[in-house]
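This report concerns only the one structure given below.
Just so it is clear, none of the values below were taken in a lab; they were calculated from the coordinates. A quick note: this is a predicted structure, and the numbers were derived from the prediction, not measured.
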Amino acid sequence: MFKVLKDLRQKGFDYLNLSDKELIDRFIRGDDKAFRFLYERYVNRIYSMAYRFCRNYETSKDITQEVFLRLYQKKERYNPVISFNTFFYRLAYNCILNYLRDHKEQPIDEWSMQQITTHPASPEENLFATESARRIEKIIDELPERQKTAFILNKIEGLSYNEIAEVMNLNLNVVKSLIHRATLKVLEVENE
Amino acid sequence: MNRHIDDILIDLDKKEDIYSNNEISEHLNECERCRMLFDKYLDMIEVVRHNTQSIKLTEEDADKVFHNIITNPQNGVSEQKFKIRVIAIAAAILLIISSGLYIFKLQQKSPESIDEKHLISILQSEKNEDLDIIKDFELFSNLELIENLDELEELKEVLDDEI
């Protein structure tokens, strides 16, 4: 747990049981403590999403900061009709896209693929699982931008097709098709 | 059941749908190829989710990012980086100017400096010139004396003659 939250809990504030919607409502009403809990809940999700596009620790950190900063500055723009999940991933998606447009040439961390580990039972399985994990990551890395986004949001972040359509501003059938094509590509390579 | 798993997957919105989908379970009982493919599909999702959990900020950096947002909410990362760049450039210029001044002062103070050596050599040469002048003056004076001596001798001779 981050230091900022430890401090808050020691002072008796614990919003962990509140939903995203309750937290953002409190934050809009001026309760900055709610922002801290939203931050803890989403920081690594946003960071890992940014990292999958940039493959650079510092850049992904900057994007993460930019996303939360925009949330902090533009909280009033949140529309309670849509879920906070959708609103926030849309914000993140736009930040990542903006960044990628502005920085086409960027350094890629070499260690990124070595970070990937699994927890299998035996060393043989370990080798296989690690190799398999790397192969899958490589395929995801090479997916076209929209396929990758839709795939990550659906398979990793657990967003529904409808939510992804909202986030990416696309037609529902286009989203289905993007995810399906990405899934088949990953499975095809797994079958080789 | 005519549809294979490749086609069925397109209709699965979330992971939970996989387990509650009758079409899938019926088809998997009949088709071995799809059973293998389906196992790979589940493994793939598991691996990707696990990998994602390992991609995260360090606690220290997460706290730093939060601190940056709270302390300076009006400035985005790009503005903050621009400010840092301006400060760095200004610092570099100051460093260059101050080091230049320092070197200049060192050169002025040091007796070993080329300019000073040059000055000393000029002074010494001027001194030598002066010395030469003095020596010349003495020589001339002596010569004058000698000339006077001659005169005196001449005078003496005249006087002797007169006597």
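Data table
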| read-out | value |
| --- | --- |
| Note, ³J(HN,Hα) from phi for region A:27-40, Karplus 6.51, -1.76, 1.60, rounded to Hz, x at Gly and Pro | 5, 4, 6, x, 8, 5, 5, 5, 4, 4, 6, 5, 4, 4 |
| When each of B:Lys64/B:Lys105; A:Lys21/B:Lys64; A:Lys74/B:Lys83; A:Lys33/B:Lys83; A:Lys75/A:Lys148 is checked by Cα-Cα distance, pairs over 32 Å | B:Lys64/B:Lys105 |
| Centroid-to-centroid separation of region A:64-89 and region A:154-192 [C-alpha atoms, Å] | 23 |
| Karplus-derived HN-Hα couplings along region A:72-88 (A = 6.51, B = -1.76, C = 1.60, θ = phi - 60°), whole Hz, x at Gly and Pro | 5, 7, 10, 4, 5, 6, 5, 9, x, 5, 9, 6, 4, 3, 5, 4, 6 |
| Global geometry of region A:11-105, whether rounded, prolate or oblate, following the gyration tensor of its Cα atoms and the 1.5 cut on a/c | prolate |
